[in-house]
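**Q** Take a look at the following structure, please.
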Amino acid sequence: MLRIGGSISTGWFLAIAGMVFAALLGLWFLATSSGWVQPLFLPSPSNVFNSLVDQARNGELWGDAKVSIYRIMVGFLVASAMAVPIGVLIGTYRFWEAAIEPLVDFIRYMPVVAFVPLTILWSGTGNMQKFLIIWIGTFFQQVLLIMDNTKRVPLDFVDFGRTLGMKDRAILARIIFPSAAPGIWDSMRISLGWAWTWLVLAELVAATSGLGYRITTAQRFFETDLIIGYILLLGALGLFFDQTMKFLGRRFFRYEAAGR
Amino acid sequence: MSQARKVEVRGLGKDFASRGKVVRALDGAEVGLSENEFVSLIGTSGCGKSTLLSILAGLQEPSRGAILLDGRPIEGPGRDRGLVFQSYTLFPWLTAQANVEFALRGNGMPKRKRRDVARAHLRLVGLESFADSYPTELSGGMKQRVAIARALAYRPEVLLMDEPFGALDALTRQVMQELLTSIWEQHKITVLFVTHDVEEAVYVSDRALVMTNPPGRIKEEIEITLPRPRSHDMLSTPEFAELYGRVLESIRSESLESAGFGAGP
């Protein structure tokens with residue numbers, strides 16, 4: 001089991017992963033039930049669970065989650081819809097790479113956090129500002145990842161298209177894009193994870209709804225159980241979306257695993 | 001040579017710029033291929049044989065010289081020349097069948113015809129039963145067989161092969177050589193086959209062209225007078241050994257020279 005390159009069964013894998021979660025939960029339970037940590041700093045697992053249940057019963061949880069998921073979807077889809085064509089373009093043509101890549105690289109290093117005040121100034125504290133922050137946080141990263149995915153298309157694939165007398169545009173659409181597609185999908189999956197971070201950031205700073213907003217109000221009332229409950233919920237939501245993307249990727253690109 | 005050549009390479013030269021210096025990869029290379037002739041181009045690694053093939057395929061521009069196909073100069077790539085690469089170039093998102101059909105799209109064939117032609121060519125390389133398999137499900141040898149089927153399917157005038165069996169293990173390579181030879185013996189086509197494997201060059205071709213060290217040109221032309229159809233029993237005949245020895249000696253003196261041992265005794 002503990003050997004480089006050694007393999008374990010799926011059952012064992014799940015058991016080990018489950019045990020780590022259980023052990024942490026047990027530690028948490030011990031630390032709170034023994035009175036070793038004060039509830040204000042770390043409430044017990046059951047308190048956190050109950051606060052989430054209450055929140056679900058009175059409907060606030062669903063409302064918060066719906067608003068946040070909506071913001072993520074719009075921001076992420078707009079960013080992706082722009083990043084895919086641009087990323088493929090600059091990964092294919094050196095001209096477009098020269099025109100766009102250095103600029104994107106420069107903007108990428110500007111901290112997203114620093115854009116929060118600016119975006120509020122531009123668009124207030126409504127949904128548009130959340131979209132903007134998510135867009136700024138994901139688009140520039142996506143473009144570079146997708147450029148890399150595109151550059152990894154073997155040159156011999158392109159040359160083969162040339163020997164068939166295909167025009168550049170046909171090579172782009174029927175060879176380069178399908179060849180890069182599995183990598184592009186994976187890049188989107190990774191950037192969706194970041195989008196959650198930027199969303200919560202935007203909601204923490206200035207919002208009147210959403211999961212991040214609920215966390216700030218909970219802080220004002222010292223509702224530590226709710227804060228922790230929502231943080232765990234954000235983790236679970238992120239994991240759910242990631243796994244969904246993974247599952248879809250496996251369906252779309254079934255051929256990749258065909259021989260394995 | 002009075003008869004008109006299918007392919008004629010005249011005074012071909014290719015220079016590369018490398019760190020501000022001009023490197024001559026090819027200089028004054030002359031190659032002639034007759035119709036339906038199987039010619040191999042053999043030389044040490046880095047002698048420019050793949051560059052020559054790439055220029056023939058139209059993927060690189062020559063610095064000097066010209067290439068004529070049926071007496072007409074070629075410019076850029078085209079469907080009159082098919083290329084089989086050393087690397088695996090089947091598209092992983094398409095089945096073996098769809099990979100072959102992909103190459104047929106530019107022929108203006110109706111879909112049904114494309115399917116039949118692709119199927120027939122998979123049969124030719126013995127992979128009809130793998131028509132619906134994806135490349136990840138095929139071994140290296142099978143992938144190259146599909147690549148050959150794909151290159152033959154759209155009926156190029158000339159087949160260019162760039163060490164197509166270079167990535168395969170020795171046993172598979174032998175099987176592939178036999179397969180290619182028997183296909184060629186039945187369905188003649190003009191072939192230029194690049195390799196650095198002497199045995200392979202002698203076994204498959206009518207003529208072996210040995211290249212010099214860079215700047216590459218043709219050093220020697222050796223007629224492979226072995227009878228056809230060929231079979232692997234011939235490998236142990238004195239005729240084969242004699243031809244093998246001649247090609248090997250010709251290359252050996254080049255590699256010794258490039259390794260700094262001089263031209264040998």
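**Q** Looking at the stretch A:180-201, is at least one residue farther than 19 Å from residue A:83 by Cα, of a type outside the set (Asp, Glu) and modelled with pLDDT of 95 or more?
**A** no
**Q** A further question follows. Being surrounded by 14 or more Cβ atoms within 10 Å (Cβ to Cβ) and either over 30 Å from residue B:106 (Cα atoms) or not hydroxyl-bearing (Ser, Thr, Tyr) (or both) narrows it down to one of B:167, B:259, so name that one.
**A** Exactly one of B:167, B:259 is surrounded by 14 or more Cβ atoms within 10 Å (Cβ to Cβ) and either over 30 Å from residue B:106 (Cα atoms) or not hydroxyl-bearing (Ser, Thr, Tyr) (or both), namely B:167.
**Q** Here's another thing I want to ask about it. Looking at the stretch B:57-81, which of its residues are polar (S, T, N, Q) and either within 14 Å of another protein chain (Cβ to nearest Cβ) or free of Cβ contacts under 8 Å to residues at least 12 places away in the same chain (or both)?
**A** Hit for the stretch B:57-81 is B:60, nothing else.
**Q** Within the stretch A:154-174, take every residue that is at the interface with another protein chain (Cβ under 7 Å from one of its Cβ atoms) and touching a helix residue (DSSP H, G or I) at 6+ places or on another chain (Cβ under 6 Å) and give me the one that is nearest to residue B:58 (Cα to Cα).
**A** Ranking the candidates gives A:163 first.
Residue-by-condition table, conditions (1) in contact (Cβ under 8 Å) with a residue 24 or more places away in the chain; (2) of a type outside the set (A, V, I, L, M):
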| residue | (1), (2) |
| --- | --- |
| A:54 | no, yes |
| A:69 | yes, no |
| A:81 | no, no |
| A:86 | yes, no |
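**Q** Those residues that are at pLDDT 95 or above, part of a helix (DSSP H, G or I) and surrounded by 14 or more Cβ atoms within 10 Å (Cβ to Cβ), I need them from the stretch B:224-240; list them, please.
**A** B:240
**Q** Please verify whether residue B:46 is modelled with pLDDT under 95 and assigned to a helix (DSSP H, G or I), treating the condition exactly as stated.
**A** no
**Q** Any residue that is within 14 Å of chain B (Cβ to nearest Cβ), under 30 Å from residue A:253 (Cα atoms) and in a helix (DSSP H, G or I) - is there at least one of those in the stretch A:185-201?
**A** yes
**Q** Which residue, of B:199, B:178, B:221, is closer than 21 Å to residue B:123 by Cα and either under 17 Å from the mean Cα position of the chain (by Cα) or surrounded by 18 or more Cβ atoms within 10 Å (Cβ to Cβ) (or both)?
**A** B:178
**Q** Look through the stretch A:202-220, keep the residues that are within 20 Å of residue A:236 (Cα to Cα) and among the charged types (D, E, K, R), and return whichever of them is nearest to the other protein chains (Cβ to nearest Cβ).
**A** Only one residue fits best here, namely A:203.
**Q** Hey, any hits in the stretch B:33-56 for a residue that's under 14 Å from the mean Cα position of the chain (by Cα), buried (at least 18 other Cβ atoms within 10 Å of the Cβ), of a type in the set (Lys, Arg) and more than 14 Å from chain A (Cβ to nearest Cβ)?
**A** The answer is yes; a qualifying residue exists.
**Q** Still on this model: If you take just the helices (runs of 4 or more DSSP H) that sit entirely in the stretch B:82-200, which of them hold at least 2 residues that are within 30 Å of residue B:211 (Cα to Cα), away from every other protein chain (no Cβ under 13 Å) and out of contact with any strand residue (DSSP E or B) (no Cβ under 9 Å at 6 or more places or on another chain)?
**A** Filter on the stretch B:82-200 gives B:140-153, B:170-186.
The values are calculated or read from the model by the stated rules, or taken from the named source; none is laboratory data. Every value quoted in this text rests on a predicted model; they were computed, and no experiment measured them. Cβ atoms come from the backbone with ideal geometry, glycine included; neighbour counts cover every protein chain shown.
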